[in-house]
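Below: the structure, in structure tokens.
The values are calculated or read from the model by the stated rules, or taken from the named source; none is laboratory data. Just so it is clear, the model here is predicted, and its values are computed rather than measured. Every residue, glycine among them, receives a Cβ derived from its backbone with ideal geometry; neighbour counts consider all protein chains shown.
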């Protein structure tokens with residue numbers, strides 16, 4: 001199969017590879033293609049950057065007993081064995097650590113959690129990973145259209161001075177930026193306005209403003225510190 005000129009298929013396979021849903025021979029073939037294709041490696045890295053931060057929003061989940069039973073059966077282990085109690089204690093910290101080690105597993109866990117939540121739980125329709133001037137992921141923004149909620153979280157250890165605030169904006173292709181909210185303690189949850197995710201939004205940006213946000217009602221006054229594009233899920 002030649003996927004070099006099939007843009008849609010390249011994006012699809014890269015996303016599945018990062019999620020961990022690309023299995024067996026297909027996964028090995030994809031890894032072989034990546035070894036010879038720098039552009040495909042870049043596409044895969046972009047998907048890792050988009051999906052890995054989503055694990056930050058994964059809530060607590062208790063695996064069913066059938067999971068442990070299946071693992072015991074496949075590994076031929078005795079349930080009562082002392083060494084196996086590490087798995088049987090269903091320690092959430094272990095699963096979180098595992099997610100940090102593997103971005104693919106972390107992103108997959110996020111998808112599983114979201115698909116099994118209660119009907120009134122958040123449903124993420126849009127996600128944006130905002131990067132700093134060094135192209136390092138620094139902030140995660142998600143939109144829940146069903147509940148009209150916009151959630152923002154800083155995912156870097158960068159500090160904000162006590163007399164400053166981070167202000168989030170939707171930047172349209174034409175016209176002034178639209179204020180989406182001012183972060184408090186490097187995070188925020190705001191009401192989602194339709195013009196925050198409308199088709200004319202070119203990019204999301206965060207500026208460093210005086211405490212409480214931009215003093216100018218017409219737009220930002222400080223420098224842009226993070227920016228990124230919306231991705232519709």
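Computed quantities for the displayed model
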{"quantity": "Cβ-Cβ under 9 Å pairs, at least 6 apart or on other chains, the stretch 54-73 side under 29 Å from residue 138 (Cα atoms), far side part of a loop (DSSP other than H, G, I, E, B) and at pLDDT 65 or above", "calculated": "54/124; 56/155; 57/122; 57/124"}
{"quantity": "Enumeration of residues in the stretch 133-157 that are modelled with pLDDT of 90 or more and in a loop (DSSP other than H, G, I, E, B)", "calculated": "148"}
{"quantity": "The stretch 209-223: number of residues that are in contact (Cβ under 8 Å) with a residue 12 or more places away in the chain and either in a loop (DSSP other than H, G, I, E, B) or under 20 Å from residue 142 (Cα atoms) (or both)", "calculated": "10"}
{"quantity": "Any chance residue 160 is in contact with a helix residue (DSSP H, G or I) (Cβ under 8 Å, 6 or more places away or on another chain), in a loop (DSSP other than H, G, I, E, B) and either modelled with pLDDT under 90 or over 21 Å from residue 18 (Cβ atoms) (or both)", "calculated": "no"}
{"quantity": "Residue tally, condition within 21 Å of the chain's Cα centre (by Cα) and modelled with pLDDT of 90 or more, over the stretch 169-186", "calculated": "8"}
